[in-house]
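What follows is a short report on a single structure.
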Amino acid sequence: MRRWSGFRRGAAIVLAGGLAVIVAAAVLGSMAAAAPLGFLHIRSNLSGTALLDSAYPDLAVSPDGKRVAVVWTEGYGSFADFRGHVYLRAAAETGGGWGSRITVFRGDSFARAYDAAVAVMSDTAHVAYAVLFFDAGGFFIQAKVRYETCSLTSMQCGGWQDVSESLDPYLITQVDIALDEAGDPHVVWTRCTAAGDKGDIWYNARSAGTWGSNPKWVDEVPNNVDSEPAIAWADGYAHVVWKAKHTGAGGNLHYIRYRRVNKAGTWESIIPLVNGERDYPPGNPDVAAGAGRAFVVWDWCNDIDRAIRGYCQVYRLVYWRSDRPTEIQEVGTNRTAGMADYYSIDDKMRFPDNSEYLLDLKPSIALNKDGWPAVVWHSNHGGEGEEMSYAVYYSYAITGTGDGSVDWITTTTVLSQSQPLMAGSAAIGVGTPRPAGEQPLHIAYMQQLGTGYWDVYYDSNEKDRYGYLYLPIIMRTG
């Protein structure tokens, strides 16, 4: 989930001196014919809160490709970073664009949402989110995972249910959700200590309107720091991935692990996709599944000077697929060696002004209807070093080739290249293919504002489908 090419959409009309002339423009018939009716796949600010952090968006597309929904968390005050509320916005291909903002959860000093994830079926959004509760003195009491459905026609939510509850001093800070073919939700989350020296991955599912009374401990390895879970549903299975770290006498060993469970609740063995890497830690795994296979993507430190620096700033972007389980390949090329380097930093202390949102590459993956991937991530496009100039990138495939590899039709494409401010922490979905075979991508991401805070934006790869005119600014002063 969680839980980053290039075009600027639209133009601004500035009002100056209290007077302005707004010019109405008619789009030429040839332009209108080239653009699909309904939902416009153009860059949009979804959160629009200039003095708050709107962060860590998650995006989902309905199975029929007709609806897109985005959720995010937002600080309940300017001092709260991204911790507080959960908001949702949605759009339909047959509608008039993005609907108004829906409040899924309203946070305050006593209860703050830390993460949220969304899945969509028909005209309903299914939202899972983590909430931490505090007493009047500001001391942590307990954490819960909550689940809620929201109608995308009435724009109302139906009330929350507890997925899990922790009565001991453990935090729940990361959550993801998937829907099976019957529309039942499957949820995973991280439960960890406040010190971060222990973490576990848990899972629960709802059937016939009721959540299981005994959530499953997915990782089943004691005393590890397990985190960053993601889940997808396809072909009768929930597919779960996560990151693990084991600390021993020789230092830290890092893992990416994958496991799946069927509808009856039968779990298969854990598959280590990265098994005990010491010097080059992997992280931020995400999973998507369909057409009889699962894809897992993650970023992987490739910094030979990491031990000297004390942090990583060179990464590779790789994927694994369940039908070719012995290979780890590069996103965009299928290479197994000689992969491209991307630049970021894994050390939060080196990012000022809440820019922890830009750590690592934070890839997100989704599949098209035929089971082929689209991936989005962020990187410092200024190159190696600590200059902060972050942008969102994507690559996608329409099909696979005869030798069983992925036929990536783009390698590295920059989204919203002309935007001057930093962007990252993106999520991706794939829409219904166009008649000529083009693959419409839906991308939600964060962008830093001139105020230093962050908003959540939507964009796509379909600039050329829309005819629009840039209008001159006309000002009067007397």
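Observations on the structure shown:
- Qualifying residue in the stretch 178-187 (condition: assigned to a strand (DSSP E or B) and in contact with a Ser or Thr (Cβ under 7 Å, 6 or more places away or on another chain)): no
- Looking only at the stretch 291-312, residues that are more than 23 Å from residue 224 (Cβ to Cβ) and surrounded by 23 or more Cβ atoms within 10 Å (Cβ to Cβ) come to 1 in all.
- Restricting the first member to the stretch 266-285 and to residues that are more than 23 Å from residue 311 (Cβ to Cβ), and the second to residues that are polar (S, T, N, Q), the beta-carbon pairs closer than 9 Å and six or more apart or on different chains are 268/262; 271/322.
- Residue 246 being over 19 Å from the mean Cα position of the chain (by Cα) and of a type outside the set (D, E, K, R): yes
- Pick from the stretch 229-255, criterion among the small types (Gly, Ala, Ser) and part of a loop (DSSP other than H, G, I, E, B), ranking: farthest from residue 319 (Cα to Cα): 249
- Annotation note: Cβ proximity below 9 Å between a residue of the stretch 187-201 that is of a type in the set (Phe, Trp, Tyr) and a residue that is surrounded by fewer than 21 Cβ atoms within 10 Å (Cβ to Cβ) (sequence gap 6+ or interchain) occurs for 189/173; 189/215.
- When residues of the stretch 260-290 are limited to those that are basic (Lys, Arg) and not in a strand (DSSP E or B), the one surrounded by the most Cβ atoms within 10 Å (Cβ to Cβ): 263
- Count of residues meeting criterion [buried (at least 24 other Cβ atoms within 10 Å of the Cβ) and not aliphatic (A, V, I, L, M)] in the stretch 240-256: 2
- Selection of the stretch 422-478 for residues being closer than 22 Å to residue 121 by Cβ, of a type outside the set (Gly, Ala, Ser) and modelled with pLDDT of 90 or more yields 428, 430, 440, 441, 442, 443, 458.
- Scope the stretch 292-312; condition touching a Lys or Arg at 6+ places or on another chain (Cβ under 8 Å) and part of a loop (DSSP other than H, G, I, E, B); matching residues: 302, 303, 311, 312
- Qualifying residue in the stretch 94-110 (condition: of a type outside the set (Phe, Trp, Tyr), over 28 Å from residue 449 (Cβ atoms), modelled with pLDDT under 95 and touching a Pro at 6+ places or on another chain (Cβ under 9 Å)): no
- Filtered by the rule that a residue be among the polar types (S, T, N, Q) and in contact with a strand residue (DSSP E or B) (Cβ under 7 Å, 6 or more places away or on another chain), the stretch 187-232 gives 190, 193, 204, 224, 227.
The values are calculated or read from the model by the stated rules, or taken from the named source; none is laboratory data. Quick caveat, the model's predicted, so the values are computed rather than measured. All Cβ positions, glycine included, derive from the backbone under ideal geometry; neighbour counts span all protein chains shown.
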